[in-house]
Each structure stands twice: as C-alpha cells, then as structure tokens.
C-alpha cells in the first residue's frame, strides 16, 4: 500500500472511531436524561405518597391467568406499577350483622356500607399496600368448609371458576346458610367481596360482548 492510500485509510479509521465515540457519548447522554427523568417522576410520586391520607398500592398478579390490570373503586391498577391512592376512595361492601334474639335464635342482616379501599384490600394477597403484602391463602379443598378461614379459600376458588353473573349471584345467595355456619364475619366478607365483584364484572363484560 502506497503512502497516499495508507494516509487515506488512517483518516477513514479515525472518522469511524470518531463516529463510534460520538454515538456512545450521545447514548450516554440519553441514558443520563432518562435516569434524571425517572428520578424526577419517582420524586413526584414520593411527594404524592407522603401527602396525608395517601397510600401506595401495587397490584401483584400471582398466576399466569391473572389480568395485567385490575380496576377497583374506580381506579385502574396496572400490574407491578405503584399507584398512590387517597384514603377517601371507598367501595360499597355488603356488611353482615348478626344478633341473637330473646329466644336464642341467631339472625343475620346485610347492609351496604362505604369502606376505604385500603381496608378492603389490606388482606388481599394480590395487592401490596405501603410495602406490606398479605400471605396468599392456602388452596381450598373439595370438602365443605367448617370455619371462616376455610370459607375464604373455598369461596375464592369457586368465584374464580365462575362463568356467568346469574350463577354467581345464585350461588352466593344460596350459601348464606354456609357463611352463618362457618361464622363468616365482616372482615371475611371484606376479603372475599373484591374477588367476587371483580369476577362478576368480568363475567358481565364477557356476556355483553357475546350479545353484541
């Protein structure tokens, strides 16, 4: 290779090296900007969370069949994405009250009551609140439940397998005696109802799509 060709090749290699270095520097700057933006967004989220009466919720799917997003209390939660939620957000829950008559008979009466969303989901293993994640309940067995804890797993299992709104409503109504037998309390219903409401809404959406 003559001197002229060698010089041209050297200039070419320097230009290539310069382009590579420039691209690397530009990529580094972009990465720095992204990190800065991420920190800014995290700081904004942290300030929101620190506001009085605001908690951080994270929806944590646990099964492959779980949806990537979940709507609760009119708020859409995306899988594994923190969301600040004011304590003022509530959900109507069916609260069962029991009392004993003078004759010794135990009677139950249900009434709807607004319950803060964080209270409704504080024992729900699919939601993490302020870094606290409740344990997942043990799988329900085929036998009928005898206790409130057993009924929780039993109910969540059949709710998950439900296909229609009518079947869900019929079974829920028909199990009133079983809930009384198991001693299901308001706290147990607060655990179960989010599953019931979400599945019922899902079934209703599927049915409406079929009709359309």
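For the range 95-113, give me each residue that is exposed (fewer than 15 other Cβ atoms within 10 Å of the Cβ) and part of a strand (DSSP E or B).
97, 98, 99, 100, 106, 107, 108, 109, 110, 111, 112, 113
May I ask you to list pairs of residues, at least six apart or on different chains, whose Cβ atoms are under 6 Å apart, with the first in the range 195-210 being in contact (Cβ under 8 Å) with a residue 40 or more places away in the chain and the second being in a helix (DSSP H, G or I)?
195/156; 195/159; 196/159; 199/159; 203/165
Quick one: is residue 58 surrounded by 12 or more Cβ atoms within 10 Å (Cβ to Cβ), touching a helix residue (DSSP H, G or I) at 6+ places or on another chain (Cβ under 6 Å) and either modelled with pLDDT under 85 or not in a helix (DSSP H, G or I) (or both)? Working first, answer last.
Details: surrounded by 12 or more Cβ atoms within 10 Å (Cβ to Cβ): yes; touching a helix residue (DSSP H, G or I) at 6+ places or on another chain (Cβ under 6 Å): no; either modelled with pLDDT under 85 or not in a helix (DSSP H, G or I) (or both): yes.
The answer is no for residue 58.
Any residue at all in the range 26-49 that's within 25 Å of residue 191 (Cα to Cα), at pLDDT below 85 and surrounded by 10 or more Cβ atoms within 10 Å (Cβ to Cβ)?
Yes, the range 26-49 has at least one match.
Which of (1) on the phi < 0 side of the Ramachandran plot; (2) within 18 Å of the chain's Cα centre (by Cα) does residue 98 not meet, given it meets every other one?
For residue 98, the exception is condition (2).
The values are calculated or read from the model by the stated rules, or taken from the named source; none is laboratory data. The structure displayed is predicted, hence computed values, not measured ones. Ideal geometry is used to build each Cβ from the backbone, glycine not excepted, and the neighbour counts take in all protein chains shown.
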